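Note sheet for the following structure.
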Amino acid sequence: MSEIFVSTHPLVLHELSILRDRDTPPPAFRAALHRISLLLLQSATVDLPTRKVIVQTPLESAEGLTLDARVGFAPILRAGLGMVNAALEILPEAEVWHLGFYRDETTLQPVRYYSPLGEQPLPEVMYVLDPMLATGGSAVAAIRELKLHGAQQVKFVGVLAAPEGIARVREAYPDVALYLAAVDRALNEHGYILPGLGDAGDRQFGTA
Ligand code: PRP
Ligand code: URA
């Protein structure tokens, strides 16, 4: 069964309140999404593989650890874009594999409109980035693509999830851990998370 990490960090909850507030304008929304992503990604990366290294300080040698995995981020367009800079801030060498999905407004099914995935092998550790896990359709479609293209370990980093989305990912991919700021009450009839924060893409880019 997928592990679920729901943050209780005061800074995460502070940023979440800014994101939820309907009066937060796009620049402040993007800034809060960046900060909350930094905090969530810190938790999501605690178990990255490391190996021992010896480094020479200006005074003598010291034992240390260095990352020992090829890591990639797969932001789901558009809303996941707001998490990418935070991801690259903490892991500048990571690869970014954008995935374009939008939800059909009537069926709520994800429609793929962009994928860079091809013959090239993916990093062994891939993080799906998307602030919203609603029905779970987009997340499941993204995880499926990454696994089909060779990702060995996939993790999902998001901000808000509905119970329906969590259940769907857990059923389809019990090995995928979920890192979240909060689990909300439910989905409305249009597939929006309640109480939620609205449309994460529109709120970032001013297109509501
Ligand atoms: C939003 C969000 C997720 C998806 C979640 O994308 O960013 O990708 O909905 O919903 P689901 O769990 O029901 O699939 P949207 O389709 O609104 O596209 P956008 O990010 O371009 O606005
Ligand atoms: N996508 C969003 O951006 N918000 C929701 O509440 C659900 C899906």
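Angle of helix 26-44 to the longest C-alpha principal axis of the chain, folded into 0 to 90 degrees and rounded to 10: 50°. 3J(HN,Hα) couplings calculated from phi for the stretch 111-128 with the Karplus curve 6.51 cos²θ - 1.76 cosθ + 1.60 (θ = phi - 60°) are, in sequence order, 10, 7, 10, 7, 8, x, 6, x, 7, 5, x, 7, x, 5, 10, 10, 10, 7 Hz; Gly and Pro show x.
Computed from label points 7 Å out along Cα-Cβ, the spacing between ASP21 and ARG144 is 4.0 nm.
For the residues ARG170, ARG51, ARG185, a GNM of the chain with alpha-carbon springs under 10 Å puts the largest fluctuation on ARG51.
For the pair ARG112 and ASP199, the difference between a 0.36 nm per residue extended length and the Cα-Cα distance amounts to 29.5 nm. Just GLN42, GLN56, GLN153 to compare: in a GNM of the chain, with alpha carbon springs under 10 Å, which one fluctuates most? Maximum fluctuation in the GNM of the chain, among the listed residues, is at GLN56. The GluC sites (Glu not before Pro) of the stretch 2-104 that meet both conditions, a loop assignment by DSSP and at most 14 other Cβ atoms within 10 Å of the site Cβ, are GLU3, GLU60, GLU93. For the chain, the longest principal axis of the Cα atoms and the long axis of helix 137-148 meet at an angle of about 40 degrees. For the chain, modelled as a GNM whose springs connect Cα atoms under 10 angstrom apart, the maximal fluctuation among PRO131, PRO123, PRO195 occurs at PRO195. Amide H contacts for VAL128 (H built 1.01 Å from N in the peptide plane; partners 5 or more residues away or on another chain; cut-off under 5 Å): ALA74, LYS155, PHE156, VAL157. P(r) for the stretch 4-205, from all Cα pairs and a bin width of 10 Å, is 9, 36, 35, 14, 5, 1, 0 %, short bins first.
Only the coordinates and a few stated rules stand behind these numbers; no lab work does. Since the model is a prediction, treat every value here as computed from it, not as a measurement. Here Cβ is always computed from backbone atoms with ideal geometry, including for glycine, and neighbour counts include all displayed protein chains.
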